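Asker: I'd like to ask some things about the structure below.
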Amino acid sequence: MSATAVAATSAQANRSSLFVEDAEVISVTPWPGDQFVIRLSSPKCAAAATPGSFVHLHCDESIPMRRPLSIMRVDASGGWIDILFKIVGDGLRALGARRPGDIVSSIGPIGHGFVPHADRPAPLLIGGGVGIPPMVFLAESLKDDDVEWRPLVIMGSEIPFPFEVKNSDLLVPWLDGSISGTMPLIESWNIPTRLASQSDIAGTYRGFVTDLAHEWLSTLSNDECQDVEIFTCGPTPMLKAVTALAREFDLPCQASLEEFMACAVGGCAGCTVLVQTDHGPTMKRVCVDGPVFDAYTVYPD
């Protein structure tokens, strides 16, 4: 089969697992830094979404191009999905102005998500900025899984976090007790979470997420490191730094990439990235071949 035929088959397979829905806005919650969490009634997407998948939303009738946004939470029984976004441009500004009862056209869930491995039961989840939502989704899925996962979540932001930062009741003995800021939602799942920022945010680690992650990994023995796998999403410089960290400790790493998209279903090939494969370098589409990739194949150096 030719490379073109393989690509077409991959795109077709992805299209068969996504849905076009008129999603009703349930709520829109603003947060500092022009951030919003929008909850949409999208039963088909909620039933099929996996951590790392995303939706393509039509923000407003006056704006023809859709916007790709990561899914932060789903409730299959309630039929809703949560999307966290930061206003960048007119499209997301229009989305932030939506009100309960409004209808938003949604295509999703799109893409291949994260795949945790039971032989690595201590996953390290690292999210930065708008890369936070997939980490929340992944953490919740681990909480509900049959495997006895022991995750640690590290999140970073240079603007206020899109949640109320509270002091954690879950001890992490490898870190100074003054660094206790956490996300209450993930804390309620009994999953330790710590926050990093170079801004003056109380309770956070002053530095990059990779600095904080390095502190934890440095406390582990070689045998303990064998239980760790890294999952990450965020801006490209952060992903490169996380991949370098994974390489330093010889850990597997899955990265969810952020790219501009037009169609988001594999047709336009506008979101391609260079990926190293067993057959040599090739271009892959972030929307349908990803957005999650083996980080080493995207950032080989």
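Asker: Looking only at residues that are among the aliphatic types (A, V, I, L, M) and under 16 Å from the mean Cα position of the chain (by Cα) in region 231-271, which one is surrounded by the most Cβ atoms within 10 Å (Cβ to Cβ)?
Answerer: 255
Asker: Please list, ordered by first then second residue, the pairs with beta carbon atoms under 7 Å, 6 or more apart or interchain, first in region 142-169 and not assigned by TED's automatic domain parsing to the domain that holds residue 31, second exposed (fewer than 15 other Cβ atoms within 10 Å of the Cβ) and part of a helix (DSSP H, G or I).
Answerer: Within 7 Å, the pairs are 163/184; 164/184; 166/184.
Asker: I would also like to ask the following. Quick check on this structure: which one of 227, 200 is in the same structural domain as residue 175 (by TED's automatic domain parsing), modelled with pLDDT of 95 or more and not β-branched (Val, Ile, Thr)?
Answerer: Values: 200 fails: modelled with pLDDT of 95 or more.
Just a single option satisfies the conditions, and that option is 227.
Asker: Say whether the condition of being modelled with pLDDT of 95 or more, over 14 Å from residue 104 (Cβ atoms) and outside any strand (DSSP E or B) is met by at least one residue in region 34-41.
Answerer: So far as region 34-41 goes, yes, one or more of its residues are modelled with pLDDT of 95 or more, over 14 Å from residue 104 (Cβ atoms) and outside any strand (DSSP E or B).
Asker: Please pick out the residue among 115, 104 that is hydrophobic (A, V, I, L, M, F, W, C), under 30 Å from residue 269 (Cβ atoms) and surrounded by fewer than 21 Cβ atoms within 10 Å (Cβ to Cβ).
Answerer: On the way: 104 fails: surrounded by fewer than 21 Cβ atoms within 10 Å (Cβ to Cβ).
After applying the criteria, what remains is 115.
Asker: Does region 249-281 hold any residues that are free of Cβ contacts under 8 Å to residues at least 24 places away in the same chain and not in a loop (DSSP other than H, G, I, E, B), and which are they?
Answerer: Across region 249-281, the qualifying residues are 272, 275, 277, 280, 281.
Asker: Name the residue, out of 73, 99, that is at pLDDT 95 or above, in contact with a strand residue (DSSP E or B) (Cβ under 7 Å, 6 or more places away or on another chain), of a type in the set (D, E, K, R) and part of a loop (DSSP other than H, G, I, E, B).
Answerer: 99
The values are calculated or read from the model by the stated rules, or taken from the named source; none is laboratory data. Everything numeric here is computed off the predicted structure, so don't read it as measured data. Please note: Cβ atoms are built from the backbone with ideal geometry, for glycine as well, and neighbour counts cover all protein chains shown.
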